[in-house]
Structure formats: C-alpha cells, structure tokens
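Here is the structure we will look at, set down as structure tokens.
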Amino acid sequence: MLAIIGGSGFTTLAGLEVIKRHSAETPLGAASASVIQGTLGDSQVLFLARHGHPHKLPPHRINYRANLWALRQTGASRIVAVNAVGAIDPLLAAGTLVVPDQLIDYTVGRESSYFDGRYKPLKHIDFSAPYSETLRRQLLAAGAQAGETLAAGGVYGCTQGPRLETAAEIARLARDGCRLVGMTGMPEAVLARELAIPYACLAIVTNSAAGVPAAGVPAAGVADGEISMAEIDAALVTGVERVKRVIAALLG
Ligand code: HPA
C-alpha cells in the first residue's frame, strides 16, 4: 500500500474516503497523528500528517521512529514523503516540485535509528543511495503523466530548525552541493531504509533559501529580503495541489 507523509500545508488528503483511523500508539511512543487508511480513486492508501493534525509539532520534536513504525504496522509498502523546502539552486522558483536523489543530514540530537543498541541491536546499514530509485522514477513518470513539471535530482540538506538558516549557512550548504534545504527529511529517510520500505521525497519549493536571489530575478549577488511565512504559505497552496495531481497519477 502506498503511504503518503504530508508535511507543512498538507495535513489532510482531500478526496480520501476513510476506511479506518489507526491508533497512533507504537512501541516507540505516539506517532504525530493517527494513520488514516482510505481509498483514493480505486487504490487504498495510507496518510500520515507529519506535524500532527492540526499542524503543531516542530521538525525537531517529531517522533520520526514512531511515525515510520506506525506506517509499517499499518501495511505501508512504499512511502512518498512530501516536504516543504527552500531552494538553494537559484533556478528553482517557489511552487516547483523536486524529486531529490541525495541528502546530507545536518540535524543534531534526533533519535535517528532503530538499531541503536537500545531498542534493537546495533547494526550499520547501507545508505549510499538514500531514496528508492524505483519510486523516484515512478514519481517522475507520474509527474509527466499529470502534466506537472518536476525537477529531477539534487541534494536535500536537512537542517535542525525550527529557525530558518543564515545566509552564510546556506552558502555553506551550496558549497556542500545542496540544491534544497528542509528540516524534516531526516531521520525519516533512514528509518524507512532500516524498515526496508522504499521511500522517496517529493519536495515543494516554498521560498528561495536565505541569501539566494529569487528565481527569475536578475542575480544582484545579495538577498533582497527576509523570508516570510506568508510567501511560504502561498507557495504551499499551489505546491500541494500539484502534489495531489502527481499522487493521483502515481496511483492511476
Ligand atoms: N529552510 C529550511 N527549511 C525550509 C525552508 C528553508 O528556507 N523553506 C521551507 N522549509
């Protein structure tokens, strides 16, 4: 069953006919919300609101281990994670969807493994390619089918938040090769891998990252201003509509 993890601005899945709301309780504590099992078109899907419903949990307080566990115990066989991101690549405009192919984890202090020697015995898993290539390709094909342009590839840098980054931090991420910056991509991706569930990210660009000139505006070399929640929220509205069309095509 396809599971969708909805991020900021995506706390409910319109059109989902609810079959069952599964308890959020897991052996690792409570997930952010109940996992909703339902039908979308002719397919059964699972939906989990990453930040809870209504939106409340900040990125560093999410119990990612419980969230992934809850999806596994309700039958997730592949996961599309929807994440709001800032664009480090100046060519990515707000509202663009991106399917990254790599990530760098800059988070600190998050419970990021089941195999930590306490919950399960220590194990070092391979994570060379953090996203399922099969699912990435399926997403890109679904985008093409839905008539939505998806940007393919790029490195997702995951920061701790909840504050946004300084311009110098973003310049460093750019030197590291990051194309996108977000706060929720890790440890979600690695926990899915530890549970052997194919996982891919469908990122919504909500703003140009700190110090990055907005796409379409001639590069002046200097950021033109602060990042506002209003611009992020506005981009999420269009981005989430696009995501829903891509998911419908993925299921179809
Ligand atoms: N930085 C980090 N996370 C984000 C951003 C950003 O600029 N925009 C949306 N999520």
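The values are calculated or read from the model by the stated rules, or taken from the named source; none is laboratory data. Note that this is a predicted model, so its numbers are computed, not measured. A quick note on method: Cβ atoms are made from the backbone with ideal geometry, for glycine too, and the neighbour counts reach across all protein chains shown. Heads up: the accessible areas ignore ligands, DNA and RNA and are worked out on the full protein's heavy atoms, side chains in. Shrake-Rupley method; radii C 1.70, N 1.55, O 1.52, S 1.80 Å.
Quick check on region 199-217. Is at least one of its residues open to solvent by 60 Å² or more (accessible area, probe 1.4 Å), over 26 Å from Phe127 (Cα atoms), more than 14 Å from the ligand (Cβ to nearest atom) and among the small types (Gly, Ala, Ser)?
yes
Condition check ((1) within 11 Å of the ligand (Cβ to nearest atom); (2) out of contact with any Lys or Arg (no Cβ under 9 Å at 6 or more places or on another chain)) across all residues:
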| residue | (1), (2) |
| --- | --- |
| Ile125 | no, no |
| Thr134 | no, no |
| Leu140 | no, yes |
| Gln160 | yes, no |
| Ala171 | no, yes |
| Gly182 | yes, yes |
| Leu191 | no, no |
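Only one of (1) modelled with pLDDT of 95 or more; (2) within 16 Å of the ligand (Cβ to nearest atom); (3) over 17 Å from the mean Cα position of the chain (by Cα) is not met by Tyr156, so which one is it?
So the condition that Tyr156 fails would be (3).
Pull up region 33-49, narrow it to residues that are part of a loop (DSSP other than H, G, I, E, B) and more than 24 Å from Thr206 (Cβ to Cβ), then point me to the one that is nearest to the ligand (Cβ to nearest atom).
Ser34
Report, by residue number, each residue of region 134-157 that is crowded, with 19+ Cβ neighbours inside 10 Å and in a loop (DSSP other than H, G, I, E, B).
Gly154
Could you grab me the full set of residues in region 43-56 that are open to solvent by 50 Å² or more (accessible area, probe 1.4 Å) and within 17 Å of Ala14 (Cβ to Cβ)?
Of everything in region 43-56, those that are open to solvent by 50 Å² or more (accessible area, probe 1.4 Å) and within 17 Å of Ala14 (Cβ to Cβ) turn out to be Gln44, His53, Pro54, His55.
Please give the number of the condition Ser112 fails out of (1) touching a Pro at 6+ places or on another chain (Cβ under 6 Å); (2) crowded, with 19+ Cβ neighbours inside 10 Å.
Looking at each condition in turn, Ser112 falls short on (2).
Can you tell me which residue is nearest to Gly6 (Cα to Cα) among those in region 50-105 that are among the β-branched types (Val, Ile, Thr) and within 16 Å of the ligand (Cβ to nearest atom)?
Val82
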